[in-house]
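Asker: The structure's right below; bear with me while I get my questions together.
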Amino acid sequence: MLRSLVGSEMCIRDSPKLVLQPTHEMELNETPLFLRYSYMAASQTNGSTFTSPYGRSSAADASAPPPPKDLYAIGLQDNNIQLFYADSNKPFLTLYGHKLTPTDVCFSSDGNLIASVGLDKSLRFWGADFGDCHKAIHAHDDYITRVQFVPSTHYVVTCSLDGSVKHWDGDNWTMIQMFRFHQRGLYGLAISGNGSYFASAGVDRCIRIAKRTDEMLFPEEEESRITQEAMDNESARRAALQKLDEKGVEVGVPSTVTTASANAAETLMDALDMVSSEVQRMGTVNASGDGGHVQEQNTALLLKNRTVWEYLWGVLESIRPSELRHCLGSLTSIHLTALVQYLSLIHISE
């Protein structure tokens, strides 16, 4: 037995190995945020039909030209996603459309469909042949961190900092199901090779695994459930506002707010949310006895290689002075407190 083991080890050591050899090098004008490679199974490259996990099949358009097999995608800080040929590093396509920085991209198994998500809270489906955007969906209430196709289908799963995981149909652009496994934001998502299991992980330090069952799922019923839940939440919010109004507490925003100032307030709140997420992720919040100050941290990729102060100052400079007053008046108390806290960085630096 010992000789057999030693002999097997010798055979393993003497067997030939694959060698990785650098072939190409390329410089980018923007800092890459992520890199994803396209994987297409050999059985999916001939236009064959593949079965979805929900009993119906999806097929690639036979009239469409077959997409290149070996591609990789890079997310850039200019809000675009660029595709390259993997064998030559030559540019293939550029996907334009995200209003904020993209966070992830994924290729379908047959290589005909691309899904991307970003900090603009949108899920976008693209054609891999010409790079046209099939559909843009406001998918989550907070930043979307990951997207992944279910193998051998056009179904995708997304996760977000709002703590939810959503299942989407990439052919008719509808949501199939929503899960709320976590109480806080999600950063990790993985799907098994046969699509039977998927796992999610987030800042609550929990990993949760879901299993696909044989139970029939009707997206219409799921949509009705989510709509009813949203209506219940809206009714509760209106009741709370009415109670505050009865007590004489001023609610709402000034009546002179214009569309431009409302858009500026939305942009500023998105910037504050991005800064808060980045500060929490980098662990740079220093709680002190005098109310807490945010220390000046290193530059972050999501802030376009700028500090918190530089990033927020750039956003404030983009707002017209005539709109700034009503913009600040439209901020929520949480965002206003965060803005004052981050602006105190200039006093710390001085």
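The values are calculated or read from the model by the stated rules, or taken from the named source; none is laboratory data. Bear in mind the structure is a predicted one, so any value in this text is a computation, not a measurement. Glycine gets a Cβ as well: all are built from the backbone with ideal geometry, and neighbour counts include every protein chain shown. Just the protein is used for accessible areas: all its heavy atoms, side chains included, with ligands, DNA and RNA removed. Shrake-Rupley method; radii C 1.70, N 1.55, O 1.52, S 1.80 Å.
Asker: Does at least one position in the stretch 129-146 carry a residue that is open to solvent by 10 Å² or more (accessible area, probe 1.4 Å), in a loop (DSSP other than H, G, I, E, B) and of a type in the set (S, T, N, Q)? If you could, list the steps in order and put the result at the bottom.
Answerer: Initially, the stretch 129-146 is screened for residues open to solvent by 10 Å² or more (accessible area, probe 1.4 Å), giving 129-138, 141-142, 145-146.
Add one more test, that the residue is in a loop (DSSP other than H, G, I, E, B), and what stays is 129-132, 141-142.
Adding the requirement that they be of a type in the set (S, T, N, Q) leaves none.
There is no residue in the stretch 129-146 that is open to solvent by 10 Å² or more (accessible area, probe 1.4 Å), in a loop (DSSP other than H, G, I, E, B) and of a type in the set (S, T, N, Q).
Asker: Tally up the residues in the stretch 165-191 that are within 12 Å of the chain's Cα centre (by Cα) and part of a loop (DSSP other than H, G, I, E, B), please.
Answerer: Qualifying residue count, the stretch 165-191: 1.
Asker: Also: Of all residues in the stretch 185-211 being of a type in the set (Lys, Arg) and exposed (fewer than 13 other Cβ atoms within 10 Å of the Cβ), which is nearest to Tyr143 (Cα to Cα)?
Answerer: At the first step, the residues of the stretch 185-211 found to be of a type in the set (Lys, Arg) are 205, 208, 211.
Keeping just the survivors that are exposed (fewer than 13 other Cβ atoms within 10 Å of the Cβ) gives 205, 211.
Values: Arg205: 19, Lys211: 25 Å.
It comes out as Arg205.
Asker: Anything in the stretch 319-336 that is free of Cβ contacts under 8 Å to residues at least 24 places away in the same chain and β-branched (Val, Ile, Thr)? List them, or say none.
Answerer: Within the stretch 319-336, Ile334 is the sole residue that qualifies.
Asker: Go through (1) part of a helix (DSSP H, G or I); (2) open to solvent by 40 Å² or more (accessible area, probe 1.4 Å); (3) farther than 26 Å from Ser277 by Cα for Asp214 and report which single condition fails.
Answerer: (1)
Asker: Provide a single number: the residues in the stretch 163-200 that are in contact with a Gly (Cβ under 7 Å, 6 or more places away or on another chain) and without any contact (Cβ under 8 Å) to a residue 24 or more places away in the chain.
Answerer: 3
Asker: Counting only residues that are farther than 29 Å from Leu119 by Cβ, open to solvent by 50 Å² or more (accessible area, probe 1.4 Å) and at pLDDT 50 or above, how many does the stretch 49-105 have?
Answerer: Taking the stretch 49-105 first, the residues farther than 29 Å from Leu119 by Cβ are 49-66, 69, 87-88.
From what's left, open to solvent by 50 Å² or more (accessible area, probe 1.4 Å): 49, 51, 54-57, 59, 61-63, 65-66, 69, 87.
Pick out the ones that are also at pLDDT 50 or above and you get 66, 69, 87.
Final tally of qualifying residues: 3.
Asker: Check Trp126, Trp173 and return the single one that is open to solvent by less than 10 Å² (accessible area, probe 1.4 Å) and under 19 Å from Asn112 (Cα atoms).
Answerer: Values: Trp173 fails: open to solvent by less than 10 Å² (accessible area, probe 1.4 Å).
Just one listed residue meets the conditions, Trp126.
Asker: Where residues in the stretch 309-350 are in contact with a Ser or Thr (Cβ under 7 Å, 6 or more places away or on another chain) and modelled with pLDDT of 80 or more, which of them is surrounded by the fewest Cβ atoms within 10 Å (Cβ to Cβ)?
Answerer: Per the stated criteria, the residue is Val315.
Asker: How about the stretch 326-335: which of its residues are under 11 Å from Ala262 (Cα atoms) and not hydroxyl-bearing (Ser, Thr, Tyr)? Before the answer, list the steps.
Answerer: To start, the set of residues in the stretch 326-335 that are under 11 Å from Ala262 (Cα atoms) comprises 326-331.
Hits for the stretch 326-335 are His326, Cys327, Leu328, Gly329, Leu331.
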